[in-house]
Amino acid sequence: MSTAPATVDGPLLTADGVPLKESLQISLRRSKMRALLLVLPPLLFLIFLFVIPIGNMLTRSVDDNLINDVLPNTFAAFETWDKKSEPTEAMFEAFYKDLRDADRTDIGKASVRMNYANPGWRSLIKRTARKIDKMEPPYKEAFLKADDRWLDQDFWRSLGIMKDRVTFGYYLNAVDLDYDYDKNIIQQDEERKVYNLLWWRTIKVSIIVTIACLLLAYPVSYLLATLPMRIANLLMICVLMPFWTSLLVRIVAWMIMLQQNGVVNDTLVAAGVLSDENRLSMMYNFNGTIIVMTQILLPFMILPIYSVMKTIPPSYMKAAQNLGATPTLAFIRVYMPQTIPGIGAGCILVFIVAIGYYITPELVGGKDGRLIGNMVAYHMQRSLNWGLAAAMGTILLCVILVFYWVYDKIIGIDNMKMG
Amino acid sequence: MALPIYATTGQRIWHYTYLAFCVFVLFFLVAPLVAVIPLSFTSSPFLNFTPEMLALDPDAFSVRWYKALFGICDAVDDSASTMCHNKWMTGAGRSLYYAVCSTLLATFLGTLAALGLSNQHMPAKRAIMALMISPLIVPLIITAAGMAFFFARVNLSNTDAGIILAYTILGMPFVVITVTSTLVGFDRSLMRAGANLGGTPTYNFFKIQMPLIAPGMISGALFAFITAFDEIVIILFIGGPDQHTLPRQMWSGIRQEISPTILSAATILVLFSVLLLTTLELLRRRSERIRGITPH
């Protein structure tokens, strides 16, 4: 600048005499504040109604506060016991005090918790609590009169599992392990082992569904991406219509298709492929879950692959063939590597959604199509073992968050497109 | 995708096998939904195609299940009278109420978030974006369980307000995503030009930015609406008997008294989804046109 102002040595000033740098910073800060103010209400809304509730639920998976609040004296007396000799009078007295002072509903809740440590606690406490008002020292005899199981050391020793306010017992249960009375980790009893099977089945179903979706989606996406826009848009309706239709409607539709007297079986029988008594059972079992979940999640695979394929110029394939590649080789070496981002996005998306599925397996899965999500619901609503439900939910959530993180790293969430 | 004239027989076979496979997949996607429609006009109380229906006997078809759906009771038709209650219509009304309220709230909050997140000076943009979208990723069963405990503690379970708030959470990510993607093509100098011409930021927003991001807002709102309208997991966990929505009615219909009424409801919902899809497609085209992106 040849006609520099007189203040060339000092900092550059704006019209109102503030240094330019400072002025820019102020405007930048203002812009930042405005952005923050815009984001703040939705963010707080989300934190209060989504993040905190979920976080809260997850703490239930390690929470053993209730039992320690209800039976403080008992646990204190338990600490003085050598765990070999007969339970002492002091322990019975402590237990008596706790039962006498505690609230009825709290005792009920605590006994449910204790039942997980040693089945039998609940009935034991129920019978004893009934007579608690008439008890007089020595408490040992009074307790034994109420129920002679009080001499059984197993009950007393099982207190050791619950004496800490933080427990990992629910996590152990969720993977078919358990604590013994000295808090060593042991295998769960054979007849109570169900969860590992369910975890495996959930992962198996998710992988099968993901692969099935990929195999079905890839050719169709290619067709949609290479057809003229007008026809492709028309076919796209076939992909988007199920996407937009109510989940329950789709499940009902599949029931009609797959049941014993359903459309598929009727057609196969009419075509002479099957005899009338050999109708396939495709509903209320593992197959049902797989078929229905594949159809429901297929659009999640087609859309990302399609949108990646749209961006690949057709001239690349032609160039490869010009250079002497056969169409197959050109497709495998030139086209397919470019579609990998779409494949990755689709697979992660389908896998994440599949692994937490609940409604579909519940309605069409029957007995051997149930997944871990159904177990979470079962423990939430029926068995009321909320600690175990929370532990399974936490494990599930962690698996999903890992994949979500990978998805964000590879594809970026801001690239998520809808419809 | 046309086959060149010089294609060999092998290529031809391969090409037609490929086309057949694609047709099969598209058929797999749509066939169940299409099969529902004729079956909803059955006159029998069973959920399968009777031989009479296949023979196109007019007596095999009726609209009795639609009557049952809309709560119109035939005194003559005994078997329908047991089904004849108005739960479907009241359920649809409830669902509509929750969906409209939560959509309005979600669109407002989601647009705010998208506007803030599109600002280039926004700190911790990526993390906040990931958080805002997380309700889509976290399995519904976990969200529902968390909300069930929390809402019970703050006296929101079994209330309309609780359900509307929960559905707002589910709908918000859609609005954030769609509005953010319309803002990608937004030319910020338009806002500066507006400010130069003397418009206040609020005035400029409503006059310049809002009309341009409106397609994104509407399509996000449609996603939020359909999600709320169709939601079943959360309602099972936090809804009481007074919050009997349409999906809940379908749920109990599937689990307990399965009758073709559910098919007539399904048919209407399929047509409804086609309508929504068309709206969305028209919106997308409009958005591309006003943002100056030529369709490819």
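The values are calculated or read from the model by the stated rules, or taken from the named source; none is laboratory data. Since this is a predicted model, take the numbers as computed values, not measurements. Heads up, the Cβs are rebuilt from the backbone with ideal geometry, glycines too, and the neighbour counts pull from every protein chain shown.
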* Quick check, is A:Lys163 in contact with a Phe, Trp or Tyr (Cβ under 6 Å, 6 or more places away or on another chain), under 30 Å from A:Ile395 (Cβ atoms), of a type in the set (D, E, K, R) and surrounded by 14 or more Cβ atoms within 10 Å (Cβ to Cβ)? -> yes
* Structure fact -> Over the range A:284-335, the set of residues more than 30 Å from A:Pro361 (Cβ to Cβ) and either within 11 Å of another protein chain (Cβ to nearest Cβ) or not in a helix (DSSP H, G or I) (or both) is A:Lys310, A:Thr311, A:Ile312, A:Pro313, A:Pro314, A:Leu323, A:Gly324, A:Ala325, A:Thr326, A:Pro327, A:Thr328
* Residue list for the range B:45-61, restricted to those being surrounded by 16 or more Cβ atoms within 10 Å (Cβ to Cβ) and either under 13 Å from A:Asp266 (Cβ atoms) or not hydrophobic (A, V, I, L, M, F, W, C) (or both) -> B:Leu47, B:Asn48, B:Phe49, B:Met53
* Asked: Checking B:Gly162 against (1) more than 11 Å from chain A (Cβ to nearest Cβ); (2) modelled with pLDDT of 90 or more; (3) over 21 Å from B:Ala114 (Cα atoms), which test does it fail?
  -> (1)
* To do: Go through the residues of the range A:242-259 one by one and say whether even a single one is surrounded by fewer than 19 Cβ atoms within 10 Å (Cβ to Cβ) and more than 22 Å from B:Arg248 (Cα to Cα).
  => no
* Asked: Hey, among B:Leu275, B:Leu280, which residue is under 23 Å from B:Tyr97 (Cβ atoms), modelled with pLDDT of 85 or more and either facing another protein chain (nearest Cβ under 7 Å) or surrounded by fewer than 18 Cβ atoms within 10 Å (Cβ to Cβ) (or both)?
  -> B:Leu275
* Asked: Within the range A:118-141, can you find the residues that are within 19 Å of A:Ser85 (Cβ to Cβ), in a helix (DSSP H, G or I) and either outside the structural domain of A:Ala94 (by TED's automatic domain parsing) or not aromatic (Phe, Trp, Tyr) (or both)?
  -> A:Lys140, A:Glu141
* Meets criteria (within 14 Å of chain B (Cβ to nearest Cβ) and buried (at least 19 other Cβ atoms within 10 Å of the Cβ)) for A:Ala94 -> no
* Asked: Any residue at all in the range A:55-65 that is within 22 Å of B:Val154 (Cβ to Cβ), within 38 Å of the chain's Cα centre (by Cα) and away from every other protein chain (no Cβ under 14 Å)?
  -> yes
* Go through the residues of the range A:142-158 one by one and say whether even a single one is outside the structural domain of A:Asn374 (by TED's automatic domain parsing), without any contact (Cβ under 8 Å) to a residue 24 or more places away in the chain, over 28 Å from A:Arg192 (Cα atoms) and surrounded by fewer than 17 Cβ atoms within 10 Å (Cβ to Cβ). => yes
* Neighbours by Cβ (under 8 Å, 6+ apart or cross-chain): first from the range B:112-128, surrounded by fewer than 20 Cβ atoms within 10 Å (Cβ to Cβ); second of a type in the set (Ser, Thr, Tyr) -> B:Asn119/A:Ser31; B:His121/A:Ser31
* Output yes when any residue across the range B:168-175 is of a type in the set (Val, Ile, Thr), surrounded by 15 or more Cβ atoms within 10 Å (Cβ to Cβ), more than 11 Å from every other protein chain (Cβ to nearest Cβ) and on the phi < 0 side of the Ramachandran plot, and no when none is. => no
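Every residue, every condition in (1) at pLDDT below 90; (2) more than 9 Å from every other protein chain (Cβ to nearest Cβ), yes or no:
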site: A:Thr339; (1), (2): no, yes
site: A:Pro361; (1), (2): no, yes
site: A:Lys367; (1), (2): yes, yes
site: A:Val376; (1), (2): no, no
* Out of A:Arg201, A:Arg230, sole residue that is of a type in the set (Lys, Arg), at pLDDT 90 or above and either touching a Leu at 6+ places or on another chain (Cβ under 8 Å) or in a helix (DSSP H, G or I) (or both) -> A:Arg201
* Out of the residues in the range A:194-241 that are among the aromatic types (Phe, Trp, Tyr) and more than 14 Å from chain B (Cβ to nearest Cβ), which is surrounded by the fewest Cβ atoms within 10 Å (Cβ to Cβ)? -> A:Trp200
* Given the structure, is B:Arg126 in contact with an Asp or Glu (Cβ under 9 Å, 6 or more places away or on another chain), over 27 Å from B:Glu281 (Cα atoms) and among the basic types (Lys, Arg)? -> yes
* To do: Say whether the condition of being over 14 Å from A:Met162 (Cβ atoms) and touching a residue at least 40 places away in the same chain (Cβ under 8 Å) is met by at least one residue in the range A:110-128.
  => no
* To do: Can you tell me which residue among B:Leu112, B:Leu131 is within 30 Å of A:Thr394 (Cα to Cα) and within 9 Å of chain A (Cβ to nearest Cβ)?
  => B:Leu131
